[in-house]
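> Got a structure here, written out as structure tokens. Questions coming.
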Amino acid sequence: MRQGFFNEFNSGTLSQKGGGKLSGTVLNSSFYVFISLVIVSILLLMFSGGNFIFHLKNTGLSLFSGVRGGIYEFSSAVSRTVLSVKELANLRKEHAELLKHLERYEELERSSAEIYQENIRLREQLGFAQTLRYKRIPAQISGRDPNNLFSAVVINKGSFAGVTRDMTVVAWQNGTQALVGKVIQIGAFESLVMPVFDNNALVSSRLSVTRYEGIVEGQGNQETPLLMRFVPKRAKDEINTGDIVVSSGMGGVFPAGINIGRVNKIYSPEYETTLEIEVLPMIDFSRLEYVYLIERETKVSETSISKTPADKGLAND
């Protein structure tokens, strides 16, 4: 009996132990279910409350507003950048057009100034031409002698315009007529002029005040003064700086009375019997543009005198 009792007791104990494990599992499951129900209830209460919905709406609205504001700012920045680039391109185009207009205006202004200055020079030349007593041919400097044999200048008139060899060339500068040189070579439409500063240029001349005569010759450079040689030494005390030297007309090449230059210095070498006078040309050859080719009046008059009515009658006979 004792043994049976212990067996039953052990069986009950084991049954209790097995039932305890089972009841513990059930309790744990109930606890989790309870917690879940509590959480669900709280959530339902929160969702069912108006404040939570309001705050949720506000939160969503804020988030949406921030996103929308960011998108708007970004799109505005992109739009402003595109507009700025487009405006910059338009400004560059307008600037280029304005520069072109400015260049045209400056060119017109320069042309106007050049035309004005040329008009003044031509008026001056016209006034000079009206005072000449000789047959005259107007011409313009068109170049320099490419071989530089005579320091010569080229003019744009030739035999077609009536230019002949040894014609005197004069110019008008600063209100004064002065000698330039003479024609040494002729083409159909151009001629070569040897200026007075050439080494081979010799001009019979005289001092306009004292009337002493000499020969003016060049020294090969337009920047170098001319020299007047063979002036008697006795004239030294009568010659002053600034006296005008003119052509004498001797030799039959240059007409008399054409200005050549002004006395600058006077040299009296002991071993020479004559003076050497440094003469500054009245013509600034670096600014020379227009010239006149002239023939002496005597040639014209001789031509007209040679053909008298009697001579014409004889010629007709």
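The values are calculated or read from the model by the stated rules, or taken from the named source; none is laboratory data. What you see is a predicted model; the values in this text were computed from it and never measured. Cβ coordinates were reconstructed from backbone atoms using ideal geometry, including for glycine residues, and neighbour counts include every protein chain displayed.
> If I filter region 208-228 for residues that are among the acidic types (Asp, Glu) and buried (at least 17 other Cβ atoms within 10 Å of the Cβ), do I get at least one hit? Spell out how you get there, then give the answer.
We begin by selecting, within region 208-228, every residue among the acidic types (Asp, Glu); these are 213, 217, 223.
If we keep only those that are buried (at least 17 other Cβ atoms within 10 Å of the Cβ) too, we end up with 217.
Checked region 208-228: at least one residue is among the acidic types (Asp, Glu) and buried (at least 17 other Cβ atoms within 10 Å of the Cβ).
> Next up: Looking at this structure, is residue 209 under 17 Å from residue 166 (Cα atoms), modelled with pLDDT under 95 and aliphatic (A, V, I, L, M)?
For residue 209, the condition - under 17 Å from residue 166 (Cα atoms), modelled with pLDDT under 95 and aliphatic (A, V, I, L, M) - is not met.
> Within region 207-228, how many residues are farther than 22 Å from residue 285 by Cα and not aliphatic (A, V, I, L, M)?
The qualifying residues number 6.
> Sort out for me the strands (runs of 3 or more DSSP E) sitting completely within region 151-235 that have 3 or more residues that are under 17 Å from residue 263 (Cα atoms).
Details: elements: 153-155, 168-173, 176-186, 191-195, 202-207, 213-217, 226-232.
Because the criterion is at least 3 residues that are under 17 Å from residue 263 (Cα atoms), the strands (runs of 3 or more DSSP E) in region 151-235 that meet it are 176-186, 202-207, 213-217, 226-232.
> Can you tell me how many residues within region 242-255 are modelled with pLDDT of 90 or more and loosely packed, with under 12 Cβ neighbours inside 10 Å?
1
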